[in-house]
Ligand SMILES: N[C@@H](CCC(=O)N[C@@H](CS)C(=O)NCC(=O)O)C(=O)O
């Protein structure tokens, strides 16, 4: 059955692979599943056809036969549960990996996204600069804890899993900030994720979409 995902027609990140379709592409590449991509404009994302798939008017979505999913974490979990390679076989290790998936999206990602949102929505406000230490402090708290837990391990809990896939994409959102440089352990962790052939294929695929719009 054909898998179709949605992605930005014109990604604001200019092909840096920060949009959340990257997670889904990477997961599909890891498990060797071919997929098609339907590109959507910002306007189309807010129209009823897309809202029927994604109630919040966002990307990515995932369609396979009569199944339609939204939320990148839910989609990656679905892929990981239906194809070998992204979750451990052992039940306890699997539960731990799923726990780390939630940790990536509900504990580590929120302060990172909050700082991004402040940049886009509040950067002209007089109090924007004054708020920066608070926003950065919240991120640093999480990175300190994550870095301590990762230690000198390659991945979060044993072999590479969907949890690492999500955590790497979450941490990548800090690229270009003055934060990540203070966390060599996490920078090396991100680099390990990016070195995976499946990551590279996914990255190249989303970059090709952006490059095509520049012609
Ligand atoms: N929690 C959602 C977030 C989805 C999301 O924020 N998508 C962004 C792209 S990365 C989007 O569509 N932004 C456009 C908008 O919200 O209008 C997920 O993980 O899928």
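The rows are residues; the columns are (1) within 12 Å of the ligand (Cβ to nearest atom); (2) assigned by TED's automatic domain parsing to the domain that holds residue 190; (3) in a loop (DSSP other than H, G, I, E, B).
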residue	(1), (2), (3)
29	no, no, no
43	yes, no, no
55	yes, no, yes
73	yes, no, no
80	no, no, no
110	yes, yes, no
116	yes, yes, no
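Here's the yes/no breakdown for (1) in contact with a helix residue (DSSP H, G or I) (Cβ under 9 Å, 6 or more places away or on another chain); (2) under 29 Å from residue 78 (Cα atoms):
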residue	(1), (2)
93	no, yes
129	no, no
160	yes, yes
170	yes, yes
186	yes, yes
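Looking at 69, 86, 18, which one is outside any helix (DSSP H, G or I), more than 15 Å from the ligand (Cβ to nearest atom) and under 18 Å from the mean Cα position of the chain (by Cα)?
86
Only one of (1) within 16 Å of the ligand (Cβ to nearest atom); (2) in contact with a helix residue (DSSP H, G or I) (Cβ under 8 Å, 6 or more places away or on another chain); (3) part of a helix (DSSP H, G or I) fails for residue 59. Which number is that? Unmet condition: (3). Only a single criterion out of (1) farther than 22 Å from residue 170 by Cα; (2) part of a loop (DSSP other than H, G, I, E, B); (3) out of contact with any strand residue (DSSP E or B) (no Cβ under 9 Å at 6 or more places or on another chain); (4) within 15 Å of the ligand (Cβ to nearest atom) is not satisfied by residue 12, namely (1). Among the conditions (1) assigned to a loop (DSSP other than H, G, I, E, B); (2) modelled with pLDDT of 95 or more, the only one that residue 39 does not satisfy is (1).
Scanning the stretch 118-128 for residues that are surrounded by 11 or more Cβ atoms within 10 Å (Cβ to Cβ) and in a helix (DSSP H, G or I) yields 118, 119, 122, 128.
The values are calculated or read from the model by the stated rules, or taken from the named source; none is laboratory data. All values reported here derive from a predicted model rather than from experimental measurement. FYI the Cβ positions are ideal-geometry reconstructions off the backbone, even for glycines, and counts take in every protein chain you see.
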